[in-house]
Each structure stands twice: as structure tokens, then as C-alpha cells.
Amino acid sequence: MTELFIHYYYPVNEFGPAMPGMLIGGLGILHVFLAQFAIGGGLLMCWFQWLAMTGRVPKAREFLDGYFKGLVLISFVIGALTGVGMWFTSVQIGTSTIGLMIDVFHWVWATEWTLFCVEIIAGYTFYRYHTHLSDKANMGLLVVYSLAAWGSLFWINGILSWQLTPNGWLDSGSVWAGFFNSSFWPSLVYRTAVSLTIASLVACVFINLMKDTDVADRRVLINRAAQFLWAMVPMPVVGLWYLATFPPDSQSWLQGGSIAMTLFLALAIGASTLLGLYAVFGLLIRRLYINVSTALLLVALAFGATAGGEFVREGVRKPYTIRGTLYSNSIREGDVQHLREIGSVTNDPYPLRDASAYFNANLALGAKVYRFQCSPCHTLEGANGLSHLTATWSADQLRHNIAMLQRTKAFMPPFAGTPEELEALVFFLSWVNVGRPDVWPWETTDEDLNRIRHWLDEAGTGPGSEVDVYRSNTGG
């Protein structure tokens with residue numbers, strides 16, 4: 001049976017005071033923003049190509065040339081690098097999660113990558129040859145680029161939304177039941193609207209950089225680019241539709257269950273509201289001219305809204321990375337009980353870094369348990385550090401709160417180890433909290449282990465949202 005769990009043990013990387021989620025989250029937000037710019041940018045270029053072909057906007061071709069060069073530099077280059085960086089950091093931090101996603105959706109990933117290749121080929125062909133091609137040929141290239149870019153969003157959206165709402169996949173294992181999940185369509189519509197908005201705002205920046213174009217022509221271009229901001233009007237309704245598909249406990253995190261998620265939701269809503277009001281009443285109704293400073297400020301608001309929204313999308317999955325299957329520490333939900341029996345680090349093959357710092361076997365065991373179960377989301381003394389979170393807890397509080405972890409904080413996964421491992425973790429955290437002395441006297445009694453065992457049994461092996469079910473079944 002032990003061989004079934006060897007997939008858990010991957011090398012663990014340390015990132016100093018930064019918790020792993022900060023690295024992948026920061027890089028992911030930048031990548032998502034650039035990817036959505038590329039998607040909306042393709043559609044906006046089709047719009048301006050049509051304006052140029054029909055003679056409606058004399059400076060449309062000049063704008064297209066500069067805008068696409070910027071899109072290639074920003075999205076194709078930086079976006080591609082951050083995309084590779086996302087894969088690299090994801091594999092370093094969430095190996096089991098990425099492995100399961102690829103295992104389930106390998107053909108979907110292949111389709112998305114194929115469309116990405118088409119997007120790159122069409123984009124670079126337009127970049128290199130658009131001055132030598134007819135209007136019809138250029139429009140064809142831009143349409144191919146836009147369809148491939150949006151198609152890439154279509155396929156990746158199914159995989160990302162599956163992490164939160166896998167729905168029928170949990171029962172049937174059907175790829176399509178997981179792909180076309182309950183949050184698929186609202187997420188797709190919302191991301192499309194965001195893409196159009198970002199493309200329009202970035203266009204206003206580039207228009208202001210056309211120094212050889214007078215203010216009257218730039219005003220015309222800005223007013224035309226602003227038409228894509230109409231996509232913001234239905235976004236509140238689509239956003240509510242999207243939120244309604246969240247599981248009840250995920251909704252509770254946003255309503256105060258997790259103050260961080262509540263604040264980031266407020267950031268996303270606040271930035272989007274300010275941006276939307278200015279876009280509708282300033283750019284669309286009053287048709288104002290905006291300079292480069294104002295345009296950059298609006299782009300910054302859009303980035304802030306994206307950052308808040310992406311943090312919420314990632315955070316509401318807790319205590320999972322893949323809901324109903326894989327906890328945030330990469331332990332499968334169905335394996336918690338088995339690991340409580342055999343030990344979570346019994347078969348961990350990797351030595352501890354600076355092993356000589358741990359003066360006895362129990363302290364080293366606690367360090368290994370921390371590394372395996374806690375370090376995917378926490379540091380010891382840096383961001384989201386366990387030393388800061390537990391500094392005022394007594395030894396008994398540590399034992400109780402960790403044993404009943406999913407009740408202590410419902411967005412935390414249950415502890416998946418033996419009572420002895422939990423006691424070792426308490427020893428390790430207490431040692432860190434008092435400054436890592438060379439000698440730290442510690443006594444564990446049979447009574448301590450029995451109480452830990454009782455608390456683990458009382459908490460159960462399911463997520464915090466199942467506590468009421470557990471209590472009703474046991475009369476607790």
C-alpha cells in the first residue's frame with residue numbers, strides 16, 4: 001500500500017521569507033493580465049483594420065502599426081516568458097496539482113498549445129508582412145490571430161474553472177463533465193469582457209504616444225478604441241452569476257470567513273467600479289479625451305482589479321487546489337486517514353537542509369512534517385509565518401488547534417499524520433517560537449498522545465465544511 005503514496009514526495013524548495021504562493025500568485029497575475037491583453041488586443045486590431053479598410057478613421061493604419069509592435073513586445077515576449085515562468089514555479093510548488101491537471105486534461109492542453117502556436121504564427125506573420133499585404137489578407141491574419149487567442153482562452157478557462165467546480169467529474173471521471181463545469185460559462189464571459197477592457201485602455205496609452213498625430217486625430221482614435229469599454233456594462237451581472245456558481249463554503253470566505261479574500265474582493269470590486277464609472281460616463285457618454293497619464297492610471301486600476309480577482313479565484317478553492325480531490329498541501333482527500341495510520345513522512349526520502357541544527361530525532365521529525373504539510377502555504381518566520389500565527393499559543397493549544405485544524409480554520413486542510421508526528425510538529429514550532437535554542441527540554445506523555453488521537457478522531461478527515469455532517473452522524 002505504501003507505494004501508492006510515493007507520488008507525494010517531491011523535492012521541496014525554500015524561498016526565504018516569501019511563501020510559495022506569493023511567487024506563483026504574483027507571476028500568475030502578471031501573466032493573466034498580459035494574456036488577456038493579447039486576446040482583447042487581437043479583437044481590437046480587427047476593429048481598427050476594418051475602420052482603416054473602410055476609410056472611417058484615416059489614422060487607423062498608423063495606430064495599428066504601433067499598437068501591434070507594442071503587443072508583440074509586451075504580450076508575445078513578456079507574456080511568453082511569464083507563461084514559462086508559471087509552469088516552472090507551478091512544478092516547483094504544486095507538483096501534484098499540475099500533474100493531476102495534465103493527467104486529466106492532456107488533450108485539452110495539447111489543443112490549447114496548438115492554438116497558441118497558431119496565434120504566434122499569425123501574429124508574427126502580420127508583424128513582418130502587413131505592409132506588403134492587401135487589406136483583405138491582413139484582416140484574414142488578424143481574424144486567425146484573434147480566433148486562436150480567444151480559443152486558447154476557451155480551453156484554458158475550462159481547466160482553471162474545473163479546479164473550483166469539478167462537479168460531475170468527481171463522480172464520473174468524465175473530462176467533459178469536468179471541463180464544462182458550472183463556473184465555465186460565467187468565467188469565460190467575464191474574462192472575455194476583461195480582455196476587451198484591457199485592450200481598449202492600453203490602446204489609449206499607445207494613441208497618446210503617437211506624437212506625429214495631432215490632438216484631434218488622437219481624440220478620434222481614443223473614442224473609437226473606447227467602444228470596447230461597453231463590455232464593462234454587463235460585468236456586474238456576469239460577476240454575480242460567476243459568484244453564484246461558487247460552492248457555499250467558498251462564498252463564505254468572501255463574506256468574512258477569510259478576511260484576506262474579503263479584502264481582495266473589495267479591491268477588485270472597488271477598482272472595477274471606479275474604472276467602469278469613468279469609462280461609461282467619461283469616455284463613452286461624454287467622449288472625453290484622456291492624456292497618457294490618465295490612460296496609465298486607468299490601466300493601473302485594471303491591473304489592480306485583475307490582481308484582486310485572481311487572488312479571489314485562487315483563494316476560494318481552499319482548502320483545496322482541486323476541489324474535492326487534492327488539498328492545498330497536495331495531499332489527496334481520500335488519503336488523509338491512511339497517512340494518519342502510516343505517517344505522512346515515513347517514506348519521505350529527502351534529507352533536511354541544515355540537518356545538524358536539529359539536536360534530536362523528534363525535532364527533525366517535526367521539521368519534516370512542517371516541510372511536507374505546512375510549507376506549501378506557510379513560511380516559518382516570513383510571510384504567513386507559522387511563528388507569527390502561533391507565537392501566543394501554549395503547547396496544548398498547538399496540539400488541539402493542529403489536531404482539529406479544519407475546525408480551527410475551515411479553509412485549512414485536516415492534519416494528515418500520526419499523533420506522534422503532530423506532537424513532533426508542536427515540538428518543532430515551539431522550538432522555533434522561542435528562538436531555536438541549542439537545548440530545548442520537551443516531555444511527551446502517553447496522555448498527550450491519547451488526547452491528540454482523540455482530537456484527530458473528533459475532527460475527522462474531511463474538510464471543515466463537513467463538520468456539521470460529522471456532528472449529526474456522531475451526535476457530537
* Structure fact -> Taking a straight Cα-to-Cα line shorter than 21 Å from K211, and setting aside same-chain lysines fewer than 8 residues away, one finds K59, K69
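For C374, C117, which order do you get if you count the other beta carbons within 10 Å of each Cβ and list the fewest first?
Details: C374 19, C117 12.
Listed from fewest to most nearby Cβ atoms, that is C117, C374.
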* To do: Please list 279-288, 195-204, 301-310 highest first by mean number of surrounding beta-carbon atoms within 10 Å per residue.
  => 195-204, 301-310, 279-288
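Under 1.5 on a/c is rounded, so check that first for region 307-397, then, if it is not, pick prolate when a/b is larger than b/c and oblate when it is not; a ≥ b ≥ c are the square roots of the alpha carbon gyration tensor eigenvalues. Mind dumping the intermediate values first?
Values: a/c = 1.94, a/b = 1.31, b/c = 1.48.
Judged from the Cα gyration tensor, region 307-397 comes out oblate (a/c at least 1.5, b/c at or above a/b).
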* What whole-number value in cubic angstrom gives the convex hull volume per residue for the C-alpha atoms of region 249-404? -> 178 Å³
* Structure fact -> Per the C-alpha gyration tensor (a ≥ b ≥ c, the square roots of its eigenvalues), region 364-427 is rounded if a/c is under 1.5, else prolate if a/b beats b/c, else oblate; here it's rounded
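Is the shape of region 166-269 best called rounded, prolate or oblate, per the rule: a/c under 1.5 gives rounded, else a/b larger than b/c gives prolate, else oblate, with a ≥ b ≥ c the square roots of the Cα gyration tensor eigenvalues? Please report the intermediate quantities before stating the final value.
Working: a/c = 3.64, a/b = 2.10, b/c = 1.73.
Prolate.
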* Per-residue ellipticity at 222 nm for the chain, helices alone: DSSP H runs ≥ 4 residues times -39500 (n - 2.57), over residue total, nearest 500 deg cm²/dmol? -> -20500 deg cm²/dmol
* Select from T213, A18, L147 the residue farthest towards the positive end of the dipole of region 11-326; place +1 on Cβ of Lys and Arg, -1 on Cβ of Asp and Glu, and compute about the Cα centre. => T213
* For region 334-470, Kirkwood radius (reciprocal of mean inverse C-alpha pair distance, Å) -> 15.2 Å
* Whole-Hz Karplus ³J(HN,Hα) for region 52-68, in order, using 6.51 cos²θ - 1.76 cosθ + 1.60 and θ = phi - 60°, x for Gly and Pro? -> 6, 4, 8, x, 6, 9, x, 8, 4, 5, 4, 4, 4, 4, x, 5, 6
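The numbers here are math on the coordinates, done by the rules we state, and not lab data. Keep in mind that this is a model prediction, so the values were computed, not measured. Please note: Cβ atoms are built from the backbone with ideal geometry, for glycine as well, and neighbour counts cover all protein chains shown.
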